[in-house]
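Where a number appears in this text, it was derived from the coordinates with a stated rule and is not lab data. Quantities reported herein were computed from a predicted structural model and do not represent experimental measurements. So basically every Cβ, Gly included, is an ideal-geometry build from the backbone, and we count neighbours across all protein chains shown.
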Amino acid sequence: MLFVLFARSVDSGLFGEVNALIGIAAFLGVMADLGLSTFIVKAFAVDRDISRVAAALRINQVSTSIFALLLSALYLVACSAVGWTPWAVLVIAWVAFEKNVEAQLGVFIAQQAVVTPAVSIAIRRILPVLCFISLSSFDLASELTFGISLLVGSFGGALHAHFSIRRQSQFWETETIAWRLILREALPYSLTNIASQARNLDIPIVALLSGTSSAGIMAAASKVSIPIFLVASAIGSAVMPAVARGGLQFSRRLLAYLSVGTIVATVMAICALPWSNAIMGVLFGSGYSDAGNLLVLVVVGTIFAAVASPLSSLAQAYRGAHATAVIGLIFGVALLAGVAMGSLVAGVEGAAWAALAVQFLRVISMVVLVKRLLF
């Protein structure tokens, strides 16, 4: 909802520019995560190793601080050198808080505790919208209002996660193991996450090769598909704890459900094509009302990208972490190359077609891998 409000308050060029910046910051944030958000869930839900979780939580705090300070410093130096406005530091701080929160919530996800993650999501989604609406009455630049709203929401989520995790005293009273061992174990998860989040760079690539207005239209279409990622991420986070309790038969049923769900969701997205122009116009304004075809392409591609998350978690639960990382890296590189080529050849729709094709092939590869692990 926040992105919808922001898109309606600025032109598509500025919207594309801001989302390109967010995409770059989010990708760097995933690199700084070091795979710890996924590792924490596995170490606690599957291995029940509190000492490893405790070490990972401490590493996460340090890596988050280093990421925020280093990237902010580099950006401010660039601002002074080329004359950029420094408001984007707010986006960097937002990504850092989000990174920290996601890693800490892994403890509760591993325990299959529903309330704490749900409250965190509500804080980080509702608070920014309320803040944006409140600040809109002041004479502030729209992008500054947007950045402040993002930061307020993530800071609220960070406070909630901090006090929630502090009540889990076993993680702060336990002797931790060497950090280098944790980083080595988390490396395959880090590579998988980096490859998966390469999709964050599609908007910057389109902005560079097809212009910020095209990037803004693509970014708007991608925001419509955010609920798909939220659902898939929730399923992916819950897979390892559920597999640890449900066993092989549960995992096989889950694979079947994911396959059927992907097909149904894809058919539904295609069936929405006649109304897609109207959807874009109602949400983002008349400037986006001709982007219906792009919306369907992006949503279908997002469905394939989203289902890769639970498939990856399923493979990782059965000692497929390294194979998952290899598949992710191959298709991560292919995604960036495909988006660039598609953008050069056919503009923003070419980029969307390329992303869809790569994500589809990645899902097929993951299904084959999971079937080999389960059968």
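In this simple spin-label model, placing a label point 7 Å from the Cα along the Cα-to-Cβ direction at both residue 318 and residue 141 gives a separation of 5.2 nm. Put in line by how crowded their Cβ is, counting other Cβ atoms within 10 Å and starting with the fewest, 312, 149, 80, 51 read 80, 51, 149, 312. In plain terms, the residue of 109, 194 with the fewest other Cβ atoms within 10 Å comes first and the most crowded comes last, giving 194, 109.
Let me know the shape class of region 2-374, please: from the alpha-carbon gyration tensor, a ≥ b ≥ c as square roots of the eigenvalues, rounded when a/c is under 1.5, otherwise prolate if a/b is greater than b/c, or oblate. Cα axes put region 2-374 in the oblate bin. Were the residues from residue 264 through residue 66 laid out at 0.36 nm apart, the gain over their Cα-Cα distance would be 67.0 nm.
Applying a 10 Å radius around every beta-carbon, put 89-101, 52-64, 180-192 in order of their mean neighbour count, most first. Please report the intermediate quantities before stating the final value.
Working: 89-101: 23.6, 52-64: 21.0, 180-192: 18.9.
Descending packing order for the listed peptides: 89-101, 52-64, 180-192.
If the segment from residue 1 to residue 333 were pulled out straight at 0.36 nm per residue, it would be longer than the present Cα-Cα gap by 116.4 nm. Arranged from fewest to most other beta-carbon atoms within 10 Å of their beta carbon, 268, 341 become 268, 341. Ranked by the mean number of other Cβ atoms within 10 Å per residue, highest first, peptides 220-226, 361-367, 116-122 order as 220-226, 361-367, 116-122. A simple spin-label model places the labels of residue 126 and residue 326 4.7 nm from each other, with each point 7 Å out along Cα-to-Cβ.
If a helix is a whole DSSP H run, which ones in the chain reach 27 Å or further along their own axis (Cα) and hold a mean Kyte-Doolittle hydropathy of at least 0.0? Span-like helices in the chain: 12-33, 50-82, 89-110, 115-135, 142-166, 226-271, 292-317, 321-374.
Report the charge-dipole magnitude of the chain in Debye, nearest 20, computed about the Cα centre from +1 at each Lys and Arg Cβ and -1 at each Asp and Glu Cβ.
On the way: 21 positive and 15 negative charges, 254 e Å.
In total the dipole reaches around 1220 debye.
Once you list every other residue whose beta carbon is under 14 Å from the beta carbon of residue 160, what net charge do they have if Lys and Arg are +1 and Asp and Glu are -1? In short, +2. If R0 is taken as 25 Å, the Cβ-Cβ distance between residue 134 and residue 282 corresponds to a FRET efficiency of 0.55. For the pair residue 275 and residue 289, label points projected 7 Å from Cα toward Cβ lie 1.8 nm apart.
Nearest 500 deg cm²/dmol is fine: what mean residue ellipticity at 222 nm does the chain get from its DSSP H runs of n ≥ 4 alone, each adding -39,500 (n - 2.57), divided by its residue count?
-29500 deg cm²/dmol
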